[in-house]
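A short write-up of the structure that comes next.
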Amino acid sequence: MPEVGRNLPRKDGVAKISGKEPYSHDIHLPNMLYAAVYRSPLAHVRIRYVDTSGAQALGAICLTPQEVPDVIYNERIVSIPTKTYKDRRVLPTVARHVGEAIVGVAAETEELAIRALSSLRIDFEPLPSVLNAEEALKPESPKLYDRIWLGEKPIEMTGNIACERHITEGDPEAGFREADFVVERRYTTPRKYHGQMETKAAVCQPLPNGGINVWATVQSVHNVRQVLGQIYGIPLSKVNVKKLSIGGSFGSSIQMNSIIPICVGLALKSGRPVKLISPREDDMYDHSHYQTEMVLKVGVKQDGTFTAAKMNVIADIGAHHIQADALLGVMAGWLASLYKWKNFQFDGQAVYTNKVPGCALQGFGNPLVNFAVEQHMDIIAEMLGRDPVDLRLQNYIGEGDVFWGQGPSIKSIIESCGVEEILREGSTRIGWNQRREPHEKSGRYRRGIGVARGFHTSGTAGPKPGDVIDFSSATIKVNEDGTVDILTPVIDHGGGTGEAIVKIVADTLHVPYTMVELSDVDARTTGYDVATHATRGVYCGGGAAAHVAEEVRTQILAMAGRILDEEPSGLALDLTAERGTHVYVQSDPNRFVSLKDIAKTAQIKSWGTMAATGSYRQSSAPPCFMGHFVEVEVDTETGEVRVVRAILLSDAGTVVNPDLLAGQLIGAFARGIGFALQEHTQTLPSGTLNHGGWLTDYRMGTSCDVPPPDAMDVYFAHTYESTGPFGAKGVAEAALSSVWSAVANAIYNAVGVRVYDLPITPEVLLEALSAPQLIEA
Amino acid sequence: MLANSRVLAADFDLINPRSLEEVLSLLAAHGDRAALLFGGTDLLVQMKMGRRSSEKVINCRWLEELKGIQEIGENLEIGAGSSLNQVGEDERVRREFPALEDAILSIAGPAIRHMGTIGGNVVNASPAADAVVALVAHRARFRLQNQTGTRVVDSTEFFLGPGKTVRRPDEILTHILLARPQGMSVSGHFRKVGRVAGDIAKLSVAVTAEKSLVGVVNWHVAMGSVAPTPVVLCEVEALLNHNRPLDGDITSAIRATVAQSITPIDDVRSTAWYRKRVSGVTVSDLCEQVWKEFEGGKA
Ligand SMILES: Cc1cc2nc3c(=O)[nH]c(=O)nc-3n(C[C@H](O)[C@H](O)[C@H](O)COP(=O)(O)OP(=O)(O)OC[C@H]3O[C@@H](n4cnc5c(N)ncnc54)[C@H](O)[C@@H]3O)c2cc1C
């Protein structure tokens, strides 16, 4: 029985529930200092001078903007260098948002470090600030930057546009002329917080040879190692970044976290290990999700076929360009890959503002585009008098079509597609044909059913190299008792990527799950992996592990051949209850040798270790599809929305970890409800956040705010992705892609009011319900 | 950020008195410069946030004298140091002061309710304090003590503004007094409108009433988070105490009246407009719920 597809105990389960699993917060080194960070109280300010004498009098060691290397970098190096925009230093001489780190301080205790912060005297020169994209686009508005860099090329800034992307396919204008109807709407999505459980932390140990060891919250040990090496001018052989468990990140650590190089700078300056843990409030001032405005225009014929789609996007990226160029590319890709528009145009602008920097959040623009497109589908269906599910089935992009979710440079032909199964199964389970129109409903409490479908890519690889780096590595070796060690650089966000890799290797080598373990590794002991992002952990990281395991398998057969005196081609590897993992002679199955004996013999006879190291790039980036059918109840007197029932359907190819997949679907759904109905970060005119960084004021939903477990139905489509390990694709980000749209569509079905701006709070909905009814065109 | 929820960096003396008497003498000596620490679920948060600083922190967490719930005369006397869980789980509270039980269950989660005390909820005097709204509806009285003696203040007169009460710096709240209903059946409910479960209230309502031979009487209605202090909705109470069936006319009248009795503001949780609109709805909902319970024969 294969291990892939079984529910098995997590490898780190006991350690995690008993509190013994080390996170970067738990790392303690002898003689360690504790650090804290002074952050800008103003939205835009030049730091003329930092007087650290007061802090030093308390025994603190300070790191000021004058003391950090004058290196401009981008903390995210997932894109190729020529597509990487650079605008930041470890500590800036001009702070560009409230909460930007200005000075690092280390002291014997964290309390002392925080007290030392209040003894800093900083000479500020306030600069005019701009706090929304619309303002920032005006020529007379204050500029954030005079110069930024694209790769090694300087860009002189004339305004606040960080980058633009214009992508056209076919002839959109002709397409719109051909249409019977053209539907245009404006949708907005707000800033919001990643809300990962673990706030960012870093520990840095300076080494006598000039090198550093780093334990930190990261999504890629290798990228952090490289950026640190680049900033501090240390050869990579002397920079080590350890792989640890992380308490989630939802995309906020794809880039190197801003506190890591500050911690390193303090460690190098003091010559002592330094630990820097972000308080929650610092974390909320450190990263945010992008705020966007999307104007979507779609041309459609009476028969429901599309003639053209055009989307204009303005993304408010905040004070730093972390990955806005990629964001616009993927937003175009998500749009292009959802439905057969025939003609297509995307125009996007990413705009700097004096706000907390925006970065990816589970789906990287996908749920945003989905919020527009999947509401648009319902609007069009209603206009044409069509069933919303049918209209989707008529136009979706599926098997044999081109998918380019990760942007125009990453195109794949879709080979496995569960869209139809998802939509049909979801319809049956929710009772779609009993669904009534809004005008048929009355009374104070009204229920509505909504559908939305989405997807995400599985990784960013493909047949040709693109703008994004994508490959992974693994080292696998067989121990002398027949157990197996895996050295994988792939970070597990907590979703079970590690277990999936273990199962993939176990099945490739026919070794039981219990005999395969993940080793403690770091950047030094592993080959490169770009990051656990883009839903690539299982498909790309697991794909590389499968690839390397194949090599180990070849070695096992070769060693067994020496023992059995047979050609390896006549041998087979298998696992049975009586023999365990063994190699047998195909023409004479009674002749066999166990893996344990092979490994032991290889050691005694000094033949060597059966082990392989390798890197692998997937040849595709297949979409994992998703569908949400949601029932809500709206209290028309209070505007409160309760999600009462949901069917969550995924197409992840072969399901590697069924219980963990269900957990991902339910977890993302729970979070999605919060984003749909509640979560929202506003920047006040002072540049501070409306919630001040306090979690009590930025409320996230609880387990009481989701439907009870028996009202959430999880379904896995039956597909097989032949390019993936054992047929698997990804799922993680797909799970969130269509939640907001499904909730918005369900609300419309309940009360006949459509809200185009997230979040749909009771305040917003009650106001909309109180306004004179707008009839959908 | 200097203020943060991670580390309490401020310097202060922590004093661990062994008796109430000792606390009273410490209060007499330090008054305003001291803070009493009970569960710390308000105080420590405020100190970390830099909203409050105290040279002395007097730890009252272990004072057995202020814990426990007793029937004394016509009253139920709740020790101010009783945990929210202890009060919410008490059989007498659940039977006779159901709005208080409801309100306590709406506070945060079990862990905070284990640490937080009923007295802390009162003296902290947040306009959003949940147990307070129910206590006001139940017309609780508060016993304060200093070195010279004790006094009892009505809950309706105790609160002066956010964080402000009639308590003098040398006084400690020792007990909460609740007059037990006499031989009649009681109903009461509390509802908090929050952004998510266990949230700080956008608005909250407590309604209590008793059934007598002549009908449903003694309606009390209080609200939280819609004014600087908890609000007693006297006019709504008057409407209800007319003792007629609660029909559509009265509910519309209630809704209209509520909006005039409150002065809500815009803040991070909600808007003044929404609070006004939904306060009326929530009050009339809760009144109907209480009414129906008596009608439905629960009484
Ligand atoms: C995560 C979280 C969620 C919360 N959710 C809610 C909620 O939903 N609803 C709600 O109402 N509250 C909520 N609170 C606030 C808090 O838990 C309650 O107000 C609690 O009852 C406070 O009690 P305490 O014992 O912890 O008070 P402390 O913090 O110890 O004291 C609070 C203040 O009152 C003073 N004080 C306390 N007891 C006395 C006394 N006997 N005499 C004189 N002065 C005294 C203290 O000096 C201090 O100024 C929440 C708090 C947290 C941390």
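The values are calculated or read from the model by the stated rules, or taken from the named source; none is laboratory data. Since we're looking at a predicted model, the values are computed, not measured. All Cβ positions, even for glycine, are placed from backbone atoms using ideal geometry, and neighbour counts span all protein chains on display.
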Would you be able to say whether some residue in the range B:246-266 is within 24 Å of A:Leu689 (Cα to Cα) and within 11 Å of chain A (Cβ to nearest Cβ)?
yes
I'd like to check which strands (runs of 3 or more DSSP E) are fully inside the range A:176-237 and have at least 2 residues that are outside the structural domain of A:Tyr34 (by TED's automatic domain parsing) and of a type in the set (A, V, I, L, M).
A:181-189
Among the residues of the range B:172-183 satisfying the criterion of being part of a strand (DSSP E or B) and away from the ligand (no atom under 12 Å from the Cβ), which is surrounded by the most Cβ atoms within 10 Å (Cβ to Cβ)?
B:Leu178
Checking A:Asp286 against (1) of a type outside the set (Ser, Thr, Tyr); (2) more than 14 Å from chain B (Cβ to nearest Cβ); (3) within 17 Å of A:Val37 (Cβ to Cβ); (4) within 20 Å of the chain's Cα centre (by Cα), only one condition comes out false. Which one?
(2)
Only strands (runs of 3 or more DSSP E) wholly contained in the range A:39-143 count here; list those with 3 or more residues that are more than 14 Å from every other protein chain (Cβ to nearest Cβ) and over 28 Å from A:Ile234 (Cα atoms).
A:45-51, A:121-126
Complete set of residues in the range A:679-702 that are among the charged types (D, E, K, R) and without any contact (Cβ under 8 Å) to a residue 40 or more places away in the chain:
A:Asp697, A:Arg699
Just a yes or no: is a residue in the range A:356-377 free of Cβ contacts under 8 Å to residues at least 40 places away in the same chain, crowded, with 24+ Cβ neighbours inside 10 Å, assigned to a strand (DSSP E or B) and more than 14 Å from chain B (Cβ to nearest Cβ)?
no
How about the range B:95-124: which of its residues are over 15 Å from B:Ala206 (Cβ atoms), more than 14 Å from every other protein chain (Cβ to nearest Cβ) and more than 8 Å from the ligand (Cβ to nearest atom)?
B:Arg95, B:His114
Among A:Asp303, A:Asp282, A:Asp316, A:Asp286, the single one that is in a loop (DSSP other than H, G, I, E, B), touching a Lys or Arg at 6+ places or on another chain (Cβ under 8 Å) and not basic (Lys, Arg) is A:Asp286
So, in the range B:259-284, how many residues would count as being buried (at least 22 other Cβ atoms within 10 Å of the Cβ) and touching a strand residue (DSSP E or B) at 6+ places or on another chain (Cβ under 8 Å)?
7
Among the residues of the range B:232-240, is there at least one that is at pLDDT below 95 and surrounded by 14 or more Cβ atoms within 10 Å (Cβ to Cβ)?
yes
Looking only at the range B:156-171, which residues are over 20 Å from B:Asn75 (Cα atoms) and either within 11 Å of the ligand (Cβ to nearest atom) or not small (Gly, Ala, Ser) (or both)?
B:Phe159, B:Leu160, B:Pro162, B:Gly163, B:Lys164, B:Thr165, B:Val166, B:Arg167, B:Arg168, B:Pro169, B:Asp170, B:Glu171
Which one of these does B:Val221 not meet: (1) more than 14 Å from chain A (Cβ to nearest Cβ); (2) over 30 Å from B:Glu74 (Cα atoms); (3) in contact (Cβ under 8 Å) with a residue 40 or more places away in the chain?
(2)
Identity of the residue in the range B:15-45, more than 19 Å from B:Leu66 (Cα to Cα) and within 14 Å of another protein chain (Cβ to nearest Cβ), that ends up surrounded by the fewest Cβ atoms within 10 Å (Cβ to Cβ)
B:Val45
Under the condition of being surrounded by fewer than 17 Cβ atoms within 10 Å (Cβ to Cβ) and among the charged types (D, E, K, R), which residue from the range B:46-55 is farthest from the ligand (Cβ to nearest atom)?
B:Glu55
Of everything in the range B:246-263, what is in contact with a helix residue (DSSP H, G or I) (Cβ under 8 Å, 6 or more places away or on another chain), outside any helix (DSSP H, G or I) and over 21 Å from B:Thr165 (Cα atoms)? Give them in sequence order.
B:Leu246
Test B:Ala131 against the stated conditions and say whether it is near the ligand (Cβ under 10 Å from one of its atoms), more than 14 Å from every other protein chain (Cβ to nearest Cβ) and touching an Asp or Glu at 6+ places or on another chain (Cβ under 6 Å).
no
Some residue of the range B:148-155 being within 13 Å of the ligand (Cβ to nearest atom), outside any helix (DSSP H, G or I) and crowded, with 20+ Cβ neighbours inside 10 Å:
no
Tell me yes or no: at least one residue of the range A:167-174 is in contact (Cβ under 8 Å) with a residue 24 or more places away in the chain, out of contact with any Ser or Thr (no Cβ under 7 Å at 6 or more places or on another chain), buried (at least 21 other Cβ atoms within 10 Å of the Cβ) and of a type outside the set (A, V, I, L, M, F, W, C).
yes
On the basis of being in a helix (DSSP H, G or I), away from chain A (no Cβ under 14 Å) and more than 8 Å from the ligand (Cβ to nearest atom), does B:Gln86 make the cut?
yes
Any hit, the range B:1-8, residues being within 10 Å of the ligand (Cβ to nearest atom), more than 14 Å from chain A (Cβ to nearest Cβ) and within 30 Å of A:Tyr285 (Cα to Cα):
no
Looking at B:Val205, B:Val196, B:Val186 in this structure, which one is away from the ligand (no atom under 13 Å from the Cβ) and in contact with a Ser or Thr (Cβ under 6 Å, 6 or more places away or on another chain)?
B:Val205
Looking at the range A:653-668 only, could you name the residues that are touching a Leu at 6+ places or on another chain (Cβ under 6 Å) and either surrounded by fewer than 24 Cβ atoms within 10 Å (Cβ to Cβ) or not in a helix (DSSP H, G or I) (or both)?
A:Val655
Under the condition of being within 22 Å of the chain's Cα centre (by Cα) and among the β-branched types (Val, Ile, Thr), which residue from the range A:662-709 is modelled with the lowest pLDDT?
A:Thr702
Looking only at residues that are under 30 Å from A:Glu640 (Cβ atoms) and modelled with pLDDT under 95 in the range B:159-194, which one is farthest from the other protein chains (Cβ to nearest Cβ)?
B:Val186
Got at least one residue in the range A:200-211 being over 24 Å from A:Asn31 (Cβ atoms) and aliphatic (A, V, I, L, M)?
no
Looking at the range B:1-76, what strands (runs of 3 or more DSSP E) fall wholly within it and have at least 1 residues that are on the phi > 0 side of the Ramachandran plot, of a type outside the set (A, V, I, L, M, F, W, C) and in the same structural domain as B:Ile118 (by TED's automatic domain parsing)?
none
